[in-house]
Amino acid sequence: MAIQKVKQNVFSIGAKHWDRRLFDELIPLPDGTTYNSYLVKGTDKTALIDTVDPETLNALFENLKNLGISNIDYIIVNHAEQDHSGGIPAVLAKYPESKVVTNERCKNMLEDLLKIPDEKFIVIKDEETLLLGDKTLQFYLTPWVHWPETMVTYLPEERILFSCDFLGSHYVSSELFVQDEAKVYNSAKRYYAEIMMPFRNNIVRHLEKLEDIEIDMIAPSHGQIYDNPKMILNAYKDWISDNVKNEVVIPYVSMHGSTQKMVEYLVDALTKRGIGVKPFNLTVTDIGELAIELVDAATIVIGSPTVLAGPHPSVAYAAFLANMLKPKAKFATIIGSYGWGGKMIERLVGMLGNLKVELLSTVIVRGFPEEKDLRALDVLADEILEKHKELDLL
Ligand code: FEO
């Protein structure tokens, strides 16, 4: 990745990973990602804000060389996860005079994860500043976005917030700044859903804190720089709010068509009642798409056949994931089929303990659904309609 100038003496010098397709061996990356690293040159000192994933270190070193950087005074570490911190040992080896600047929690994690020795650290506290000469860095601790040690770094002279993972997106482009807000919005929503959504309550507090500082640009460590910060800040305010939308998400699997018939019938029944609905056949679904829909939906309906007395394993995986992501849905239920018995519903309900939902009527069918079973789905659709009306969603 080429050096890109953010402002006078502020450069983006990280790496673009155009063809990475999976993150943490879990999260699909349809648009690749970036590991943004920023260089801030003050009149007295030079700081590198976050490094890169170790496998892209060449790009970082090439950019440092091309900028003629022979000395890095400070490596600012906003987050200990290795896609940003993993390059630190190599940077320290090349620039041995550098000090690693971070908070106490992050220091402890870097010592554990990367074996960086104690004497290399300068530990900062919340709102502490670090002078670079004509530029200042100020640190704000923002724990749990998405690890306990996360923080952000503010450059007041340029009103730039370096937010690391927080407010980022897995999106890669040759353009430094956001050009296509709609595309980036979708990518940032996917990122929020997969990574930040479980920490909704922490984010509320962090955004309140950031309201006290003037921000012209948000420079995350994944994705493009927001030179219209309101775009992402307003999106986050919407996603973290308690407001849900008049939408039902139906993750499901069908083995021989019974659950499929039920899902199709329920989709039509909800549509007729003016409720937005999105079914996801889990055998072909990108789980990121499912996660995006979980951000706003008022209701989750899980559809599963019964396999060896329990849910289909792909449904169990989706339920486990949804439970981890803690979406703000208000209602949930389970529909599905069985051949001779089992405890599919009980097992799925037991997997959803993190969700603060009211459980609606379940519909479980022996074999292929008959007329009475379809009527039961109509009753469920009416129940969902009433619940959504109670929340003034339609
Ligand atoms: Fe981009 Fe949590 O690391």
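The values are calculated or read from the model by the stated rules, or taken from the named source; none is laboratory data. Quick caveat, the model's predicted, so the values are computed rather than measured. When we count neighbours, we look across all protein chains shown, and the Cβ atoms used for this are built from the backbone with ideal geometry, even at glycine. Ligands, DNA and RNA are stripped out before the accessible areas are found, and what is left, the full protein with its side chains, is counted by its heavy atoms. Shrake-Rupley method; radii C 1.70, N 1.55, O 1.52, S 1.80 Å.
Before moving on, here are some points about what is shown:
- Scan region 111-135 for residues that are open to solvent by less than 40 Å² (accessible area, probe 1.4 Å) and under 25 Å from Ile195 (Cα atoms) and the total you get is 1.
- Remark: pairs (first residue in region 308-336, open to solvent by 30 Å² or more (accessible area, probe 1.4 Å); second residue assigned to a loop (DSSP other than H, G, I, E, B) and hydroxyl-bearing (Ser, Thr, Tyr); Cβ separation under 8 Å; 6+ apart in sequence or on different chains) = Ser314/Thr283.
- Region 136-172, subset of a type in the set (Asp, Glu) and under 18 Å from Phe199 (Cβ atoms), residue farthest from the ligand (Cβ to nearest atom): Glu149
- Of all the numbered requirements in (1) in contact with an Asp or Glu (Cβ under 6 Å, 6 or more places away or on another chain); (2) open to solvent by less than 40 Å² (accessible area, probe 1.4 Å); (3) farther than 23 Å from Met197 by Cα, Asn78 misses one, and that requirement is (3).
- Summed over region 337-350, residues that are among the hydroxyl-bearing types (Ser, Thr, Tyr) and either assigned to a helix (DSSP H, G or I) or surrounded by 22 or more Cβ atoms within 10 Å (Cβ to Cβ) (or both) total 1.
- Meeting the requirement of 2 or more residues that are without any contact (Cβ under 8 Å) to a residue 12 or more places away in the chain, the helices (runs of 4 or more DSSP H) wholly within region 165-268 are 200-210, 229-240.
- Among the residues making up region 352-372, those that are open to solvent by less than 50 Å² (accessible area, probe 1.4 Å) and either in a loop (DSSP other than H, G, I, E, B) or free of Cβ contacts under 8 Å to residues at least 40 places away in the same chain (or both) are Leu352, Leu355, Val357, Leu360, Gly367, Pro369.
- Any hit, region 245-254, residues being farther than 28 Å from His206 by Cα and either at pLDDT below 95 or surrounded by fewer than 17 Cβ atoms within 10 Å (Cβ to Cβ) (or both): no
- Only residues that are buried (at least 19 other Cβ atoms within 10 Å of the Cβ) and closer than 23 Å to Thr51 by Cα were counted across region 202-227, and they come to 10.
- Of all residues in region 1-19, those that are modelled with pLDDT under 95 and in contact with a helix residue (DSSP H, G or I) (Cβ under 7 Å, 6 or more places away or on another chain) total 2.
- Screening Gly32 on (1) at pLDDT 95 or above; (2) open to solvent by less than 20 Å² (accessible area, probe 1.4 Å) shows it passes everything except condition (1).
- Qualifying position, being closer than 23 Å to Ala297 by Cβ, over 14 Å from the mean Cα position of the chain (by Cα) and of a type in the set (Gly, Ala, Ser), among Ser169, Ser241: Ser241
- Qualifying residues in region 13-39 (those that are more than 16 Å from the chain's Cα centre (by Cα) and either of a type in the set (S, T, N, Q) or part of a strand (DSSP E or B) (or both)) - the one nearest to the ligand (Cβ to nearest atom): Asn36
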